[in-house]
Amino acid sequence: MRDVVEAGFERTMGAGMDENVRRGAIISAVIGFFAHLSLWALNNSGQITIIGDSAELVQSPLSALYTPFSILLAYEVYQLIRTIPDSFSSSVGKQYEIATLLVVRDILKRLPEVDGSDGWEVSDDVAFLLVECMAFLVLFYTALTYYSMKKEEDGRHSISEDVGAFILTKKAVAISMLVVFVIIALSSLTGWIAAAQEGGGSVDRTIFFLDFFTFLILADILILLISYWFYTDFRNLARNTGFVLSTVIIRVAISAAGVSSMILFTLSGILGIAILRMFVTDKPSEISVLPRSS
């Protein structure tokens, strides 16, 4: 069983596969950008007519940024799944990177719709844009903080046999999440195409990400419960519980709309920073592992 899981993880999320996926994502993003820009040009010149809710994707040349950002977001999700066996902090750090890119994509999507106002008056569109930018800064700072902490923690703990078994379990969860990722991605894409053909096709952050984060929360909770079998250190368990709570808030923020969503995204970032500061200030304790039953 160990060999099967290790081989499966290496083939789907190993260093070599990650490099291939990264290159494919970059090439796809560039092609997607020019393809989307071409659709805007054809629609703007009247050679084709795009109607329905999907017309919002060709309102402006800036709308062409939506496609490459979506592809890069898909790659970030793949990266998130790869970090599941590492640690909760690594996984949650990737979640903040995804939340940051989601907010940036929403900002780029909304820019063509922003209407300015004369004088000192601030329109609702500009005010909401300011709120989105503030949420972006908080999430971006949180993601950078997680990255710094990850570098500090590398090599800090040695891996015992029992901890190795825990990592193997998390690799099995990661493989399962990769399957879920592919299924949800294909389902979301085919569903959007069908809706666009019927005059719908509106795009928002709930497409794919709402379902994916639901499964991600379930995976995090499963890992948290399994960790109780291995770890007796309450400090680590409390920290990981806080990380799960942060993930739940991100998921609620994805489903929310307007200012409420930005407040929730900001709250998740503030919670993440607070957890980091709270646990990084203390000297790291050695990992305590429950003895095996004879």
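The values are calculated or read from the model by the stated rules, or taken from the named source; none is laboratory data. All of these numbers come straight from a predicted model, not from anything done at the bench. Ideal geometry is used to build each Cβ from the backbone, glycine not excepted, and the neighbour counts take in all protein chains shown.
All but one of (1) touching a Ser or Thr at 6+ places or on another chain (Cβ under 9 Å); (2) in contact (Cβ under 8 Å) with a residue 24 or more places away in the chain hold for N43; which doesn't? Unmet condition: (2). In segment 113-147, the qualifying residues are those that are farther than 30 Å from I273 by Cα and of a type in the set (V, I, T), and the one that is modelled with the highest pLDDT is V114. Among the candidates S89, S28, the residue that is in a helix (DSSP H, G or I) and in contact with a Lys or Arg (Cβ under 8 Å, 6 or more places away or on another chain) is uniquely S89. Out of segment 224-233, which residues are crowded, with 17+ Cβ neighbours inside 10 Å and either polar (S, T, N, Q) or at pLDDT 90 or above (or both)? Selection gives S227 alone. Close contacts from segment 176-196, counting a first residue that is under 30 Å from V4 (Cα atoms) and touching a residue at least 24 places away in the same chain (Cβ under 8 Å) and a second that is assigned to a helix (DSSP H, G or I) and small (G, A, S), with Cβ to Cβ under 6 Å and a gap of 6+ residues or different chains, come to M177/A219.
Does segment 56-72 contain any residue that is at pLDDT below 90, farther than 20 Å from W192 by Cα, assigned to a helix (DSSP H, G or I) and polar (S, T, N, Q)? No. The set of residues in segment 207-223 being within 20 Å of F265 (Cβ to Cβ), surrounded by fewer than 17 Cβ atoms within 10 Å (Cβ to Cβ) and out of contact with any helix residue (DSSP H, G or I) (no Cβ under 6 Å at 6 or more places or on another chain) consists of T214 alone. Here L108 meets each of (1) under 30 Å from F9 (Cα atoms); (2) in contact (Cβ under 8 Å) with a residue 40 or more places away in the chain with one exception, condition (1).
Applying the condition of being of a type in the set (V, I, T) and either at pLDDT 90 or above or touching a His at 6+ places or on another chain (Cβ under 8 Å) (or both) to segment 250-265 and asking which residue is farthest from R205 (Cα to Cα) yields I263.
Only residues that are modelled with pLDDT of 85 or more and exposed (fewer than 13 other Cβ atoms within 10 Å of the Cβ) were counted across segment 190-203, and they come to 3.
Against the numbered list (1) among the β-branched types (V, I, T); (2) over 25 Å from V77 (Cβ atoms); (3) touching a Lys or Arg at 6+ places or on another chain (Cβ under 9 Å), V259 comes up short only at (3).
Hey, any hits in segment 69-88 for a residue that's surrounded by 13 or more Cβ atoms within 10 Å (Cβ to Cβ), within 19 Å of I207 (Cα to Cα) and small (G, A, S)? Looking through segment 69-88, at least one residue is surrounded by 13 or more Cβ atoms within 10 Å (Cβ to Cβ), within 19 Å of I207 (Cα to Cα) and small (G, A, S).
Would you confirm whether or not segment 27-50 contains a residue that is touching a His at 6+ places or on another chain (Cβ under 6 Å), among the aliphatic types (A, V, I, L, M) and closer than 19 Å to L102 by Cα? Scanning segment 27-50 turns up no residue that is touching a His at 6+ places or on another chain (Cβ under 6 Å), among the aliphatic types (A, V, I, L, M) and closer than 19 Å to L102 by Cα. Consider segment 49-105 and keep the residues that are without any contact (Cβ under 8 Å) to a residue 60 or more places away in the chain and among the aromatic types (F, W, Y). The one that is farthest from V173 (Cα to Cα) is F69. Considering (1) at pLDDT below 85; (2) more than 19 Å from F88 (Cα to Cα); (3) touching a helix residue (DSSP H, G or I) at 6+ places or on another chain (Cβ under 7 Å), the lone condition that K150 does not fulfil carries the number (2). Residue selection: F33 fails the criterion of being buried (at least 19 other Cβ atoms within 10 Å of the Cβ) and at pLDDT 90 or above. Looking across segment 73-86, just one residue is touching a Gly at 6+ places or on another chain (Cβ under 9 Å) and either of a type in the set (V, I, T) or not in a helix (DSSP H, G or I) (or both), and that is T83.
For (1) over 22 Å from the mean Cα position of the chain (by Cα); (2) at positive phi; (3) exposed (fewer than 12 other Cβ atoms within 10 Å of the Cβ); (4) small (G, A, S), each residue gets a yes or a no:
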site: A15; (1), (2), (3), (4): no, no, yes, yes
site: V21; (1), (2), (3), (4): no, no, no, no
site: N44; (1), (2), (3), (4): yes, no, no, no
site: T49; (1), (2), (3), (4): yes, no, yes, no
site: D53; (1), (2), (3), (4): yes, no, no, no
site: Q59; (1), (2), (3), (4): yes, no, no, no
